[in-house]
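Please treat every number below as a calculation from the coordinates, not as lab data. Remember, it's a predicted structure, so these values are computed and weren't measured experimentally. Positions of Cβ are generated from backbone atoms using ideal geometry, with glycine treated the same way; all protein chains shown enter the neighbour counts.
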Amino acid sequence: MSNRYAIKTTAALVAGAVLISAATPAVAVHAASGSKVLAVGSTALQPLAQQAAEMYQEAHPKTTVTIQGGGSGTGLSQVGKAGVTIGNSDIFAEQKDGVDASKLKDHKVAVVGITPVVNKDVNVKNLTTKQIQNIFSGKVTNWKEVGGQDEKIVLINRAEGSGTRATFEQSIMGNAKTATAQEQDDNGAVQKIVGQTKGAISYLAFSYTKGTAAENLKTVKIDNVAPKYKNVKNNKWKIWAYEHMYTASNVNSATKKFIKFMSSKAVKTKVVKKLGYYPVSKMTVKKDADGKVTTIK
């Protein structure tokens, strides 16, 4: 049986994810609308999906593709209820309580690495897996306990609806319970707060660790392994997930075409690596819903 996460999706989150502002009323559509695609969920996948949507709409101006965040839990819940055409997720549908995975079709469009990140002034470059467990479980509360300066550790966690959090906990925490801490709803908020907060630590998708928005934070090695895709591809770097786009078995033609475009050469060569993701086809290992990793033969 797969590890299932009781991912919460509050009414406010769902409403925010599936309702589009009054300024663009034509975009607020039911999943059944034939020329419109509404993809909701993972904020880790959001930059890739958004860029691909813009490319697709340039070539298909009669089709409207809207990408919303809200978290993997929201995406899976909404596509399971036919509230959206695509549910974006960092976790398998089998891991989400209350979702019938047998009624959904899984489209793996990329791989995303996830890494611990700290404020740029934290004087730590490497942590062991055990040290990270102790930090996030609240057993270690000062950076001097793990080789850094005498400064309080400030934990920044993701909300329970986050696939990024579920992946981090499955890959790193094991049976250790994550300590109560400040929670943020998306990768962008974590990126900003870690950069602004002295002593802060959290975790982010690789796609949020580059560029000017990430200049006030830095990544951390785990067991002397760097957070790079050359290490993700063979599972030397263990915190990674597939970027899933889930659909119902029967969807409108616009959604089918957009999903096909997400796996096209154009997206793989122009968007995937550029934005900090990795092609599924380049992996030398595969992972199942239980987190079991096996070599691809």
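Assorted remarks:
- Just checking the listed ones, A226, A241, A266: in the Gaussian network model of the chain with Cα springs under 10 Å, the one fluctuating most is A266.
- A cut-off of 5 Å between modelled amide H atoms, ignoring neighbours fewer than 5 places along the same chain, links V111 with E243, Y278, V280.
- Protection-proxy order for peptides 243-252, 173-182, each taking the mean of Cβ atoms within 10 Å per residue, highest first: 243-252, 173-182
- Within a Gaussian network of the chain (alpha carbon springs, distance under 10 Å), most fluctuating of T212, T129, T141: T212
- Between the alpha-carbon centres of region 145-215 and region 126-144 there is a gap of 12 Å.
- Under-5 Å amide H pairs with V117, H placed in peptide plane, nonlocal only: S202, Y203, L204
- Region 208-215 - phi-based ³J(HN,Hα) in whole Hz, Karplus 6.51/-1.76/1.60, Gly and Pro as x: 10, 10, 10, x, 5, 5, 10, 5
- Per residue, the average separation of C-alpha pairs within less than 8 Å and at least 6 apart gives the chain a relative contact order of 25 percent.
- Partner aspartates and glutamates for K105 [C-alpha distance under 13 Å; skip if fewer than 8 residues away on the same chain]: E94
- The H on the amide N of T85, modeled in the peptide plane, is under 5 Å from the matching H of L38, each at least 5 residues off or on a different chain.
- Think of each Lys and Arg Cβ as +1 and each Asp and Glu Cβ as -1; about the Cα centre, that makes the dipole of the chain roughly 1080 debye.
- Net charge of the neighbourhood of K230, taken over other residues with C-beta under 11 Å away and scored Lys/Arg +1, Asp/Glu -1, is +4.
- Three-way shape call for region 113-232 based on the alpha-carbon gyration tensor, with the a/c threshold at 1.5: rounded
- Cut-off 15 Å, label 7 Å out along Cα→Cβ of V280, residues of region 41-79 by amide N: 45, 49
- Backbone N within region 70-105 under 14 Å of label point (7 Å from S249 Cα along the Cβ vector): 100-105
- For the chain, built as a Gaussian network whose Cα springs stay under 10 Å, the top-fluctuating residue of T209, T115, T64: T64
- Pairs spanning more than 20 Å between alpha-carbon atoms, out of K230/K274; K192/K233; K96/K218: K192/K233; K96/K218.
- Per-residue 3J(HN,Hα) values for region 66-77, derived from phi via the Karplus relation 6.51 cos²θ - 1.76 cosθ + 1.60 with θ = phi - 60°, read 10, 10, 10, x, x, x, 4, x, 5, x, 5, 4 Hz in sequence order (x marks Gly and Pro).
- 3J(HN,Hα) along region 42-53: 3, 7, 5, 7, 4, x, 5, 4, 5, 5, 5, 4 Hz, from the Karplus curve 6.51 cos²θ - 1.76 cosθ + 1.60 with θ = phi - 60°, whole Hz, x for Gly and Pro.
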